[in-house]
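The values are calculated or read from the model by the stated rules, or taken from the named source; none is laboratory data. Computed from a prediction, not measured in an experiment: that's the story for all the values here. Every residue, glycine among them, receives a Cβ derived from its backbone with ideal geometry; neighbour counts consider all protein chains shown.
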C-alpha cells in the first residue's frame, strides 16, 4: 500500500481495541497510509495499546480513542460527533465491532446448539453485531452525504460461517449485517458515498477463536490480510465501487490493481441467488 494514499482522510474503526483483532490490523494500515483514525471500542485499556502502536506509525495526532458501545444509539451519535470535533472530519466508517458467545464471555463454549443459547446472550450478540453497524452507519451517513463523499465498510463473514450449525447467534447476525450493507449500497448509489463488505476469507487469528495453542493459531488466516483492501476501499481509487464484497485473503498486491480487485471481489449478499436474477 502506498504511503500518503489516505492523506487528509479521517476514519472511524469500531472494535479497534483487540490486541490481535481485525480492527487493530485495519487501524494500523489506515494510519500507515496517511489517514487519521478514531478508534472506537468499549475497552479503554485495549484501545490505548493499539493507539500507542498507531502513534508510532503516524505521529501523536494519528488517532483518537473513543470509548463507546456501538449498541447504544447515544454512544454512536457521540462517537461520530467526537470524531469530527477531534480529528476535523469524517470520510470513512469501518463497522468492525463484533462478538460471539466465546469472545464476549457469554458462554464458555465456542459451539453449542441454538436451543442451549441463552436468550439474553442472543440479544446481546445481535445488539453488537447487527444493531451496532446500523446505528453507526445511521449516525455517520448524514455527514457523508452532506459532503458528497464517503465510505461505509462492513466486516461480515463467509457464507459458510453464516449458516454453520452450532454458530448461533454469531452467524445469523453476520448474515444480517451483509444484507444491511446490500440495502445501504442501493440507498447511497450515486451520492458519492459507497457501501462495501470486507471479510478475511475464513477462520482468522482473532480473540473470537477458541484456540490456546499458538502453533495452531499461526495456521489461521492472519488479520493483516485486511490491510491492503481496506486502504483501497477507503481511498479515492475505489470511487464508483459500491455494493461489493471483498475477500482479504484473495487480495494480491503483486497483481495490477484491476486484476487485484477482480480476484478479490463479488457482489454483496449473493444477489445471483435472488428471484430478480432468475428468469420468470
Query raised in the report: If we only count helices (runs of 4 or more DSSP H) wholly inside the stretch 99-177, which ones have 2 or more residues that are surrounded by fewer than 20 Cβ atoms within 10 Å (Cβ to Cβ) and touching a residue at least 24 places away in the same chain (Cβ under 8 Å)?
Result: 119-126, 132-147
Query raised in the report: For the stretch 178-196, what are the residues that are in a helix (DSSP H, G or I), in contact (Cβ under 8 Å) with a residue 60 or more places away in the chain and within 30 Å of residue 111 (Cα to Cα)?
Result: 178, 179, 181, 182
Report summary line: Per the list (1) modelled with pLDDT of 95 or more; (2) within 14 Å of the chain's Cα centre (by Cα); (3) in a loop (DSSP other than H, G, I, E, B), residue check on residue 13 breaks on (3)
Report task. For the stretch 38-53, state whether one or more residues are more than 20 Å from residue 153 (Cα to Cα), surrounded by fewer than 24 Cβ atoms within 10 Å (Cβ to Cβ), touching a helix residue (DSSP H, G or I) at 6+ places or on another chain (Cβ under 8 Å) and touching a residue at least 24 places away in the same chain (Cβ under 8 Å). Result -> yes
Requested in this report: State which residue is nearest to residue 267 (Cα to Cα) when the search covers only the stretch 157-179 and only residues that are modelled with pLDDT of 95 or more and in contact with a strand residue (DSSP E or B) (Cβ under 7 Å, 6 or more places away or on another chain).
Outcome: 178
**Report entry** Residue within the stretch 17-35 that is over 18 Å from the mean Cα position of the chain (by Cα), assigned to a loop (DSSP other than H, G, I, E, B) and at pLDDT 95 or above present
**Finding:** yes
Query raised in the report: Going through the stretch 1-31 one residue at a time, which ones are crowded, with 20+ Cβ neighbours inside 10 Å and free of Cβ contacts under 8 Å to residues at least 40 places away in the same chain?
Result: 17, 27, 31
Query raised in the report: Considering only residues of the stretch 235-258 that are touching a residue at least 40 places away in the same chain (Cβ under 8 Å), touching a helix residue (DSSP H, G or I) at 6+ places or on another chain (Cβ under 8 Å) and part of a loop (DSSP other than H, G, I, E, B), which is nearest to residue 22 (Cα to Cα)?
Result: 253
Query raised in the report: Where residues in the stretch 54-80 are out of contact with any strand residue (DSSP E or B) (no Cβ under 9 Å at 6 or more places or on another chain) and without any contact (Cβ under 8 Å) to a residue 24 or more places away in the chain, which of them is farthest from residue 150 (Cα to Cα)?
Result: 56
Report task. Filter the stretch 58-97 down to the residues that are in a loop (DSSP other than H, G, I, E, B) and within 20 Å of residue 128 (Cβ to Cβ), then identify the one that is nearest to the chain's Cα centre (by Cα). Result -> 96
